[in-house]
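A short worksheet on the structure shown next.
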Amino acid sequence: MSLREMFRGTGVAIVTPFNQDGSIDWTSFEKVINHIIDGRCEYLVVLGTTGESVTIHGKEKQEVFSFVNKINAGRVPLVAGIGGNDTHEVIEGFHNFDLHGYDAILSVSPYYNKPNQEGLFQHFKALDAATPLPIIMYNVPSRTGMNVTGETQVRIANQCKNIFATKEASGDFAQINYIVKNKPADFMVISGDDPITLQMIADGAEGLISVVANAYPKDYSEMVRLCLAGRYNEALPIHLKYIDIIASMFAEGSPSGVKAYLSEMGLCENYFRLPVWPVSEKHHSKIRELMKKVSSVFLQY
């Protein structure tokens, strides 16, 4: 199967469930994995931002990678989240983690350091030379503090052949247009923003790495498939159905919002590792009301 075949559609940036004492809740983790796969999403992204990757380290990170591979049992492609603001440390992770069963790596652009565009390019060039697996680069300036410009992303796409896709979450359609127009034909643009995925696919993106599909995998992955088939008139009602729900998932931080939904669904508890904290009770009540307004968790197709 080609990379385009594996990663065209909906990937899910899967949450990491915790117990009240902060330990990983492996029983709930298995339930969430199966919920997403049974919802017909195309692939899983493990230890991305939604997985609270920045508070999971070393041996425990390996345990998460291995556990998801075990429960997945080859059903869908897997992507390992390995990124950071120390290029050398990211490369060490590439070499030190056992990535058996994984098909690609998602690597976020460096955060906090605020490197210039040449520094960003050199970072990804170094990852490209060292990686054991194909890489999806991840541009999310709202979190990292530094945008990887369209020009830099196209330069990476042309010169770093192990980097086959970008998860583009700038929300800037001028930038998205530039990348889609100027990228190599075999380079994939993947939406990193649930609420504008329909529009991004219309603009040339080939799918989504989703937060909302943790909770509503069947509906949202079907919406993406309809868009990819050009059936926007059928996709639009699903898109509109989840606009308020998606907004509520990010209103008080993510993954705080999506875990509130998952806890209401009985899939995992509403626990986090500091500094992430649950949504307020007022907002949680709003989430309960929004869930009631959704006539069915799954649409039937």
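The values are calculated or read from the model by the stated rules, or taken from the named source; none is laboratory data. Small disclaimer: the values here were computed from a predicted structure and weren't measured. Ideal geometry is used to build each Cβ from the backbone, glycine not excepted, and the neighbour counts take in all protein chains shown.
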Conditions (1) touching a Leu at 6+ places or on another chain (Cβ under 8 Å); (2) surrounded by fewer than 21 Cβ atoms within 10 Å (Cβ to Cβ): number failed by residue 141: (1)
Matching strands (runs of 3 or more DSSP E) fully within region 72-148 where at least 1 residues are in contact with a Pro (Cβ under 7 Å, 6 or more places away or on another chain): 104-108
Some residue of region 54-66 being free of Cβ contacts under 8 Å to residues at least 60 places away in the same chain, hydrophobic (A, V, I, L, M, F, W, C), surrounded by 20 or more Cβ atoms within 10 Å (Cβ to Cβ) and closer than 19 Å to residue 192 by Cβ: no
From the options 211, 276, residue that is within 19 Å of the chain's Cα centre (by Cα), buried (at least 20 other Cβ atoms within 10 Å of the Cβ), closer than 24 Å to residue 79 by Cβ and among the β-branched types (Val, Ile, Thr): 211
Residues satisfying the stated conditions in region 166-205, i.e. of a type in the set (D, E, K, R), under 23 Å from residue 104 (Cβ atoms) and in a helix (DSSP H, G or I): 194
Cβ-Cβ under 7 Å pairs, at least 6 apart or on other chains, region 181-207 side on the phi > 0 side of the Ramachandran plot, far side of a type in the set (Phe, Trp, Tyr) and crowded, with 20+ Cβ neighbours inside 10 Å: 207/7
Looking only at region 1-21, and only at residues there that are more than 14 Å from residue 81 (Cβ to Cβ) and small (Gly, Ala, Ser), the one that is surrounded by the most Cβ atoms within 10 Å (Cβ to Cβ): 9
Residue in region 38-54 that is more than 17 Å from the chain's Cα centre (by Cα) and either under 19 Å from residue 101 (Cα atoms) or part of a helix (DSSP H, G or I) (or both) present: yes
Criterion: within 21 Å of the chain's Cα centre (by Cα), touching a residue at least 40 places away in the same chain (Cβ under 8 Å), crowded, with 18+ Cβ neighbours inside 10 Å and within 20 Å of residue 38 (Cα to Cα) - qualifying residue of 220, 271: 220
Options 298, 250, 272; residue that is modelled with pLDDT of 95 or more and over 18 Å from residue 20 (Cα atoms): 250
Any hit, region 209-225, residues being in contact with a helix residue (DSSP H, G or I) (Cβ under 8 Å, 6 or more places away or on another chain), of a type in the set (S, T, N, Q), closer than 30 Å to residue 130 by Cβ and part of a loop (DSSP other than H, G, I, E, B): no
Cross-chain or 6+ apart pairs with Cβ under 7 Å, region 107-123 first and charged (D, E, K, R), then not in a strand (DSSP E or B): 114/145; 114/146
